[in-house]
Amino acid sequence: MVSLVRRIGFSLAMGGVILVWVGPFFWMVLGSFKPRESIIANELVLRFTPTWENYDAIFSRHAFWTYTANSFLVAIATTVVTVAASILAAYALSRYRAGGRLFEFWLMFTRMLPPATLLIPLFLIFRTLGLINTLTGLVIADASFLLSFSIWLLRGFFDEVPVGLEEAAACDGASRMQSLLYIVLPVAAPGVTATVILSLIFAWNEYLFAIVFASATASKTLPAAANDFITGYAINWGPVFASGVIIVLPVGLAALLLQRYIVRGLTLGAFK
C-alpha cells in the first residue's frame, strides 16, 4: 500500500512538472491561431475559429524571412567557431594542463558573470571596429560568452579518453594533431555532438546580445524581432505568440530528434 501511494505521488509530481513546462508552450501555440478579438477578450476563450492571420502578419508585413536566415547564419557560425576553438582549448587543458588551475578557475568565473556585464565593454569594442549591427559582431559576442561553457564540457569528455591510445599512436609516428583528429575526437564523439547541439540551441535562442548589437533590420535575429511587437502603447499578442512558435519550433524538433545524442554525450563516462 505504501509503495502504491509513493508511485501515485511520484506520478502526480511528474505530471505537475510536465504541466508547468509544457503548459506555457501549449498556450503559446494555441494563442498563435487565435483571432485578435479572442486573445484580448476579458473572459477565457477556448472555442474559436483557427486563423493564420498572426503568421501572415509577421511574414507579410515584417522581414521575418530575413530574420530567420540571420538566425540560422548566426547559430551555425557561432557553433562552428565555438566548438572549433573549444576543442583545441579543452585538449590543451586536458593533456598539458595549460595555464594551470588559475586559468581553469578563470574560465569558470567568466561563465558565472551575468551577460549584462559584458554589454558595455563589448559595445565599445564593436563600435570602434565597426561591428555594430553586423552578423559578424553578433557571432563574436555569442561565441565569447559560450566558449567557457564549451571548453569545460569538452575538457571533461577528453579526460575520459585514455592517454594510452595517444601514446600508442605516437609510437606509430602520429603527431599530436593527428592523435586529436583520429583518436581523441572519434572516441569522444558523443560529447562533441552534445556540445555542438547545446551550442547551437544557445546561439539560436540568444536574446540580450541580439537586441543590443544587431538591432538593424539587415542583422536582426528572430528573438530580437519578436520584441518589435511589444511597444509602449500595446502588446500585439497574436504576432508575439506566432513569432514565439517560429523561434521554438526548430530547436524543439532538433532536441526531440537528437535527444539520445544529448543524453549519451552528457552522461559519457558517468558510470566508468
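The values are calculated or read from the model by the stated rules, or taken from the named source; none is laboratory data. Please read these numbers as outputs of a predicted model, since none were measured by experiment. Note: ideal-geometry Cβ built from the backbone for every residue, glycine included; neighbour counts use all protein chains shown.
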Practice problem: Only helices (runs of 4 or more DSSP H) wholly contained in segment 46-155 count here; list those with 1 or more residues that are small (G, A, S) and exposed (fewer than 15 other Cβ atoms within 10 Å of the Cβ). | Solution: 53-60, 64-95, 100-112
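Among what's in segment 233-262 and is among the small types (G, A, S) and modelled with pLDDT under 85, pick the residue that is farthest from Y55 (Cα to Cα).
So the first thing to find is which residues in segment 233-262 are among the small types (G, A, S), and the list is 234, 238, 242-244, 252, 254-255.
Then keep just the ones that are modelled with pLDDT under 85; that gives 234, 252, 254-255.
On the way: A234: 19, G252: 19, A254: 22, A255: 24 Å.
Top of the filtered list is A255.
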Quiz prompt | Flag if G191 is farther than 23 Å from L122 by Cβ and not in a helix (DSSP H, G or I) | solution = no
Practice problem: Could you please give the count of residues in segment 1-34 that are in contact (Cβ under 8 Å) with a residue 60 or more places away in the chain and among the hydroxyl-bearing types (S, T, Y)? | Solution: 1
Quiz item: Is one or more of the residues making up segment 14-34 over 22 Å from G252 (Cα atoms) and either assigned to a helix (DSSP H, G or I) or in contact with an Asp or Glu (Cβ under 8 Å, 6 or more places away or on another chain) (or both)?
Solution: no
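Matching residues to (1) without any contact (Cβ under 8 Å) to a residue 60 or more places away in the chain; (2) charged (D, E, K, R); (3) in contact with a Gly (Cβ under 9 Å, 6 or more places away or on another chain); (4) closer than 12 Å to F209 by Cα:
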| site | (1), (2), (3), (4) |
| --- | --- |
| A77 | no, no, no, no |
| V81 | no, no, no, no |
| R95 | no, yes, no, no |
| F109 | yes, no, no, no |
| A116 | no, no, no, yes |
| L124 | yes, no, no, no |
Exercise. Given the conditions (1) among the hydroxyl-bearing types (S, T, Y); (2) assigned to a helix (DSSP H, G or I); (3) surrounded by 15 or more Cβ atoms within 10 Å (Cβ to Cβ), report the number of the one that Y182 does not fulfil.
Key: (3)
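Quick grid of which residues meet (1) over 30 Å from L222 (Cα atoms); (2) in contact with a Leu (Cβ under 9 Å, 6 or more places away or on another chain):
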site: F26; (1), (2): no, no
site: E53; (1), (2): no, no
site: A57; (1), (2): no, no
site: V80; (1), (2): no, no
site: Y91; (1), (2): yes, yes
site: Y96; (1), (2): yes, no
Practice problem: Looking at (1) among the polar types (S, T, N, Q); (2) within 28 Å of L257 (Cβ to Cβ); (3) without any contact (Cβ under 8 Å) to a residue 40 or more places away in the chain, find the lone condition where S243 falls short. | Solution: (3)
Quiz item: When residues of segment 210-257 are filtered for being in a loop (DSSP other than H, G, I, E, B) and either crowded, with 17+ Cβ neighbours inside 10 Å or on the phi > 0 side of the Ramachandran plot (or both), how many remain?
Solution: 5
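Any residue at all in segment 162-176 that is in a helix (DSSP H, G or I) and in contact with a Lys or Arg (Cβ under 7 Å, 6 or more places away or on another chain)?
Looking through segment 162-176, none of the residues is in a helix (DSSP H, G or I) and in contact with a Lys or Arg (Cβ under 7 Å, 6 or more places away or on another chain).
Give the number of residues within segment 191-209 that are in contact with a Pro (Cβ under 8 Å, 6 or more places away or on another chain) and surrounded by fewer than 21 Cβ atoms within 10 Å (Cβ to Cβ).
Total satisfying the criteria: 3.
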